[in-house]
Structures are given as C-alpha cells and as structure tokens.
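Single-structure report; data block below.
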Amino acid sequence: MLAEIAIANAAFGVIKEAIGNGKDLYEMGGVVAQFFDQKTALQKKSNKNGYKSDMEAFMELEKIKEMEDHLKQQMIWAGRPGMWDDWLAFQKQAKEERERAEREAKQARAELMQTLLYCFYAICGLVIFVPALFLVLTILK
C-alpha cells in the first residue's frame with residue numbers, strides 16, 4: 001500500500017509542477033493516468049483490508065481525494081468545456097471494461113478447472129476400470 005501512495009504522490013507532484021509551469025493536462029496524460037491507477041489500486045487494497053479500521057489508509061485516501069479535487073478544478077477551469085464530465089464517463093467505461101475482462105478471466109479459469117477435473121475423473125476411472133476388466137477376464141478364462 002505504501003508503494004501506491006508514493007507513486008500517487010510523485011505523479012501528483014509532477015502534475016502540479018507542470019501545471020505551475022504552464023503546461024496543459026493534455027501534455028501529461030501518462031502521469032495523470034498513473035495517478036488515477038494508483039488511486040484505484042489503493043482503494044482496492046484499502047477496501048480489501050477494511051479501510052475504516054485502518055486509520056492510516058483512510059487518511060491517505062483522504063489526501064488522494066484532495067489531490068483529485070485539485071485535478072478536477074484544473075480540468076474544469078483550465079481544460080476544455082466538459083472535460084471533467086468526459087473524464088468521469090471515460091473512467092466509468094474503463095471500469096466496466098476491466099470488470100468484464102475480470103469476469104471473463106474468472107469464467108475461463110472455472111471452465112479450465114472443470115475440464116481438468118473431468119480429465120482427472122476419466123484417468124481415475126481408467127486406472128480402476130482397466131485392471132478390474134483385466135481381472136474379470138482372467139478369472140473367466
């Protein structure tokens with residue numbers, strides 16, 4: 001979790017400095033994406049561990065929210081009209097796509113496990129059936 005915080009803080013520092021030097025958010029797409037990726041990773045880890053009981057994680061998420069609010073203001077006032085709304089729509093679409101890919105990966109793993117289980121059953125059946133058949137045939141002779 002500390003790595004995500006450090007990366008998000010570094011990315012925000014780069015963004016803030018670049019904006020202070022007169023650059024547009026368009027020119028920093030990779031750094032902005034890195035910031036939001038780390039925010040998402042931090043939220044997932046905090047939610048997995050129950051961030052409400054972990055004060056440090058909660059406070060770090062609050063700092064990230066403040067940074068995000070700063071970026072929001074930059075997109076609203078220094079970006080093109082509707083940039084923030086477009087960004088939110090893009091984030092929603094990207095999240096849905098990640099969730100869909102994750103569901104498909106889980107389904108593919110489940111199908112693979114099912115196939116492997118059927119193969120295991122078939123091998124076990126053959127290991128038991130073939131010697132039993134051989135035993136029955138030798139007794140009948």
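In region 71-94, which residues are among the charged types (D, E, K, R) and in contact with a helix residue (DSSP H, G or I) (Cβ under 8 Å, 6 or more places away or on another chain)? Talk me through it step by step, then tell me what you get.
Going residue by residue through region 71-94, those that are among the charged types (D, E, K, R) are 72, 80, 85-86, 92.
Hit for region 71-94 is LYS72, nothing else.
Could we say that LYS16 is part of a helix (DSSP H, G or I), under 25 Å from GLU99 (Cα atoms), modelled with pLDDT under 75 and of a type outside the set (A, V, I, L, M) here? Show your work before the answer.
Working: part of a helix (DSSP H, G or I): yes; under 25 Å from GLU99 (Cα atoms): no; modelled with pLDDT under 75: yes; of a type outside the set (A, V, I, L, M): yes.
No.
Does LYS23 count as open to solvent by 30 Å² or more (accessible area, probe 1.4 Å) and modelled with pLDDT under 80? Spell out how you get there, then give the answer.
Working: open to solvent by 30 Å² or more (accessible area, probe 1.4 Å): yes; modelled with pLDDT under 80: yes.
Yes; evaluated as a whole, the condition is true for this residue.
Scan region 89-141 for residues that are within 30 Å of GLN38 (Cβ to Cβ) and of a type in the set (S, T, N, Q) and jot them down.
GLN91, GLN93, GLN107
Can you name the residue in region 64-73 that is touching a residue at least 24 places away in the same chain (Cβ under 8 Å) and not aliphatic (A, V, I, L, M) and is also least open to solvent (accessible area, probe 1.4 Å) among such residues?
Here the residue is GLU68.
Free of Cβ contacts under 8 Å to residues at least 12 places away in the same chain, within 19 Å of the chain's Cα centre (by Cα) and closer than 30 Å to VAL14 by Cβ: which single residue out of ALA41, ALA89, ALA108 fits that description?
ALA89
If GLY82 satisfies all but one of (1) at positive phi; (2) surrounded by fewer than 11 Cβ atoms within 10 Å (Cβ to Cβ), what's the number of the condition it fails?
(2)
The values are calculated or read from the model by the stated rules, or taken from the named source; none is laboratory data. Every value quoted in this text rests on a predicted model; they were computed, and no experiment measured them. Positions of Cβ are backbone-derived with ideal geometry, glycine not excepted, and every protein chain shown enters the neighbour counts. In case anyone asks, the SASA skips ligands and DNA or RNA and just uses the protein heavy atoms, side chains included. Shrake-Rupley method; radii C 1.70, N 1.55, O 1.52, S 1.80 Å.
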